[in-house]
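What follows is calculated from the coordinates using simple rules that are stated; it is not laboratory data. Quick caveat, the model's predicted, so the values are computed rather than measured. As a convention, Cβ positions derive from the backbone with ideal geometry for all residues, glycine included, and neighbour counts pool all protein chains shown.
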Amino acid sequence: MRQSYIAVLAMALLLLLSGCNEAPQGAQQHHLQGSTMGTYYSVKFYTDTPPVLAELQQQLDKELELINDLMSTYRPDSELMRFNALTSTEPQQLSAQTTEVVTEAIRIGQQTAGILDITVGPLVELWGFGAAGRIERAPTAEQIDAITPYVGIDKLQLTGAGLSKLDPRVALDLSTIAKGYGVDRLADILLSHGISQFLVDIGGDMRIGAAKPDGHWRLAIEKPISSGRAVQRILNLEHISLATSGDYRNYFEQDGVRFSHLIDPRTAQPIQHRTVSSTVLHPNAMTADAYATTLNVMAADEALAFAEQHGIAVLIIEKTADGFVERISSAFSPFIIEH
């Protein structure tokens with residue numbers, strides 16, 4: 001899971017930590033950080049009686065290393081890549097961790113009629129946004145047609161016996177969901193140590209625990225511009241996760257046409273609508289991660305209707321001739337701070 005893996009996922013968010021460096025007496029802030037999945041991780045937390053920080057960091061690093069060993073598409077011997085290399089259609093038993101992630105991905109894939117698709121990796125590679133690197137020209141219709149027969153969430157079957165490919169050429173890519181799973185696992189580790197006031201951040205996917213001693217965690221959604229950094233919205237958060245997906249920094253252009261890294265499995269083509277980012281709030285970072293990508297693949301009207309139907313908190317940003325327009329679901333509105 002290197003930088004190009006992360007590029008397929010969510011954008012980084014700006015973290016506003018105003019006032020959090022001076023906690024009330026008795027509660028101390030601690031900060032652990034490192035590298036994983038081709039990006040950074042950051043863990044900030046408050047506690048009166050902290051664990052041994054070196055031991056806690058070792059536990060966090062060990063968990064992230066395990067997730068990479070299981071789900072990375074950049075490690076040839078990962079569990080995921082061993083499954084991809086199989087030519088059998090017989091059920092394969094996977095680890096409990098990978099099974100949990102695949103189960104949620106299939107659930108959302110079926111809920112969205114295949115828009116979230118963990119078998120879309122071959123198309124991502126073909127369009128130059130995978131491990132093989134960028135391409136100079138868009139693939140031909142013949143190249144796309146050669147891949148689409150073995151892409152689709154309907155090509156997978158998960159039962160008590162294990163996970164089966166209905167076509168031996170099927171290959172999985174969990175990049176739309178595994179980073180959020182990593183966030184959840186780090187949060188679980190903190191909670192197991194009795195730490196409830198925390199913010200876990202892996203490359204912009206976040207999970208927020210209880211409020212800081214001086215109040216809510218204040219986070220800013222990044223304005224979707226390709227140069228520089230600016231704030232679109234500020235949120236007051238606790239006991240929730242956040243993930244953002246966008247296409248404004250990862251694309252290529254050919255003959256004046258912009259090709260996004262976000263592939264719509266229904267067309268096997270990069271998205272062409274005006275949505276530039278979607279930010280989802282959900283109790284679990286894994287689910288927020290998956291929904292953020294899903295709703296960014298959908299056009300804004302479709303995404304907002306889906307979010308309202310399923311009670312998903314999402315902020316969608318569309319680009320217009322006059323700038324950016326926000327589309328906000330009912331479940332998202334209570335989190336917004338006017339500024």
- Theoretical gain in end-to-end length, T267 to L166 [0.36 nm per residue, Cα-Cα removed]: 34.3 nm
- Item | Segments 83-96, 42-55, 107-120, 283-296 sorted - mean Cβ within 10 Å per residue, highest first | 283-296, 107-120, 42-55, 83-96
- trypsin sites (Lys or Arg not before Pro) lying in DSSP loop within the stretch 272-339, provided at most 16 other Cβ fall within 10 Å: R274
- Phi angles of the stretch 152-162, converted by Karplus (6.51 cos²θ - 1.76 cosθ + 1.60, θ = phi - 60°) into ³J(HN,Hα) in whole Hz with x for Gly and Pro, give x, 4, 6, 8, 10, 9, 10, 10, x, 7, x
- Query: Each residue of the stretch 235-245 in order: what ³J(HN,Hα) in whole Hz does its phi give by Karplus 6.51 cos²θ - 1.76 cosθ + 1.60, θ = phi - 60°, with x for Gly and Pro?
  - Reply: 10, 9, 9, 7, 6, 7, 10, 9, 9, 10, 10
- Query: Length gain on complete extension for the stretch D322 to R75, per 0.36 nm per residue less the alpha carbon to alpha carbon distance?
  - Reply: 84.5 nm
- Message: Distances longer than 15 Å among the Cα atoms of the stretch 60-126: what percent of all pairs is that?
- Response: 62
- With each label point set 7 Å from Cα along the Cα-Cβ vector, what nm distance links L158 and L66? 1.9
- Phi angles of the stretch 35-40, converted by Karplus (6.51 cos²θ - 1.76 cosθ + 1.60, θ = phi - 60°) into ³J(HN,Hα) in whole Hz with x for Gly and Pro, give 10, 6, 6, x, 9, 9
- Taking the dipole about the Cα centre of the stretch 296-339, with the C-beta of Lys and Arg at +1 and of Asp and Glu at -1, give me whichever of S330, A313, A300 is farthest to the positive side. A313
- Note on the structure: Out of L191, T159, I147 - ranked by how far each Cα lies towards the positive end of the dipole of the stretch 147-191, with unit charges on the beta-carbon of charged residues - the top one is I147
- Item | Extension gain from A211 to T89, taking 0.36 nm per residue of separation minus the Cα-Cα distance | 39.1 nm
